[in-house]
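What follows is one structure encoded as structure tokens, with my remarks underneath.
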Amino acid sequence: MNTNKQTVNRSAHVLAQKLYEEGINQQAVLDAIASIPRHDFVDSILTHKAYENTALPIGLGQTISQPYIVAKMTQILIEQGVTDRVLEIGTGSGYQSAVLAKVFSEVYSVERIKSLQWQAKRRLQSLDLYNVAMKHGDGWLGWKSKAPFNGIIVTAAASEVPTELLYQLSDNGILVAPIGAGEQNLVMFKRQGDNFIQQALEVVRFVPLVPGDLA
Ligand code: SAH
């Protein structure tokens, strides 16, 4: 595939159009998808699949999420009034971080695999996205020193509700996470004081949020 700038723009625009047809209607999200070269976030042998609406392997048993779900999770935060201070758990390729960086003013992202975190950091730098802070760490613990966050998205499936993350939300903050070990549900939590209002949104499929040690 010819990946000169025009071709990339066209492919990314076509992808954004597809997502619009699937219910993504926040212009900021569509603009972000249309402007980010997703092929930069996958291995060059997968370039020809980079603008398909599918998850793809990024090595070490991990995946770059399906564009629809990246867009959907971002859209949920916007719909709930989040504008800044967003934490992502599971940086992976950095693609979701890049989308968040285009939409929200301050983004934080935690990844447990050092080599993925490092590559993601370089990708964002090469796209001149400097409003994302990244950390190598265990996402179950969030990023306490930077809390509170107005929005948190978890991009790996948590076997149980990640309580620590709930308490890193600001009041009225929103957490969106796939929850479940077998079948996973995308669940939204809204903080109201020390109460959390929970709503299951749709069935999803993510790689697991690994407990404990760093790799
Ligand atoms: N948002 C990513 C999706 C990556 S897949 C993207 O757009 O490409 C999920 C990622 O979560 C993987 O990179 C995996 O290493 C990471 N992960 C799994 N368990 C984790 C944990 N406990 N803490 C931080 N990251 C974790």
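A count restricted to the stretch 85-120 and to residues that are open to solvent by less than 10 Å² (accessible area, probe 1.4 Å) and charged (D, E, K, R) stands at 1.
Would you confirm, using the coordinates I've provided, whether LYS49 is of a type outside the set (Asp, Glu) and in contact (Cβ under 8 Å) with a residue 60 or more places away in the chain? Taking the combined requirement at face value, the residue does not satisfy it. With the condition kept exactly as written, say whether any residue in the stretch 98-108 is more than 9 Å from the ligand (Cβ to nearest atom), among the small types (Gly, Ala, Ser) and modelled with pLDDT of 95 or more. Yes, that holds for at least one residue. Taking the numbered list (1) away from the ligand (no atom under 12 Å from the Cβ); (2) out of contact with any Ser or Thr (no Cβ under 9 Å at 6 or more places or on another chain); (3) among the aliphatic types (A, V, I, L, M); (4) open to solvent by 30 Å² or more (accessible area, probe 1.4 Å) in turn, VAL82 passes all entries but (4). Closer than 19 Å to ASP84 by Cβ and of a type in the set (Phe, Trp, Tyr) - does that describe any residue in the stretch 128-142? Yes, the stretch 128-142 contains a residue that is closer than 19 Å to ASP84 by Cβ and of a type in the set (Phe, Trp, Tyr).
Filtering the stretch 175-215 to residues that are surrounded by 13 or more Cβ atoms within 10 Å (Cβ to Cβ) and farther than 17 Å from GLN80 by Cα leaves PRO178, ILE179, GLY180, GLN184, ASN185, VAL204, ARG205, PHE206, VAL207, PRO208, LEU209, VAL210.
When TYR108, TYR20 are screened for being of a type in the set (Ser, Thr, Tyr) and under 22 Å from GLY139 (Cβ atoms), only TYR108 passes. Once the stretch 57-79 is narrowed to residues that are more than 14 Å from the chain's Cα centre (by Cα) and open to solvent by less than 60 Å² (accessible area, probe 1.4 Å), the residue that is nearest to the ligand (Cβ to nearest atom) is ILE58. SER126 satisfies every condition listed in (1) open to solvent by 50 Å² or more (accessible area, probe 1.4 Å); (2) touching a strand residue (DSSP E or B) at 6+ places or on another chain (Cβ under 8 Å) except (2). If you go through the stretch 113-150 and keep only what is in contact with a Leu (Cβ under 9 Å, 6 or more places away or on another chain), away from the ligand (no atom under 14 Å from the Cβ) and not polar (S, T, N, Q), you end up with TYR130, LYS146, ALA147, PRO148, PHE149.
The values are calculated or read from the model by the stated rules, or taken from the named source; none is laboratory data. The shown structure was predicted, so the numbers you read here are calculated from the model rather than taken from an experiment. Backbone-built Cβ (ideal geometry, glycine too); neighbour counts: all protein chains shown. Ligands, DNA and RNA are stripped out before the accessible areas are found, and what is left, the full protein with its side chains, is counted by its heavy atoms. Shrake-Rupley method; radii C 1.70, N 1.55, O 1.52, S 1.80 Å.
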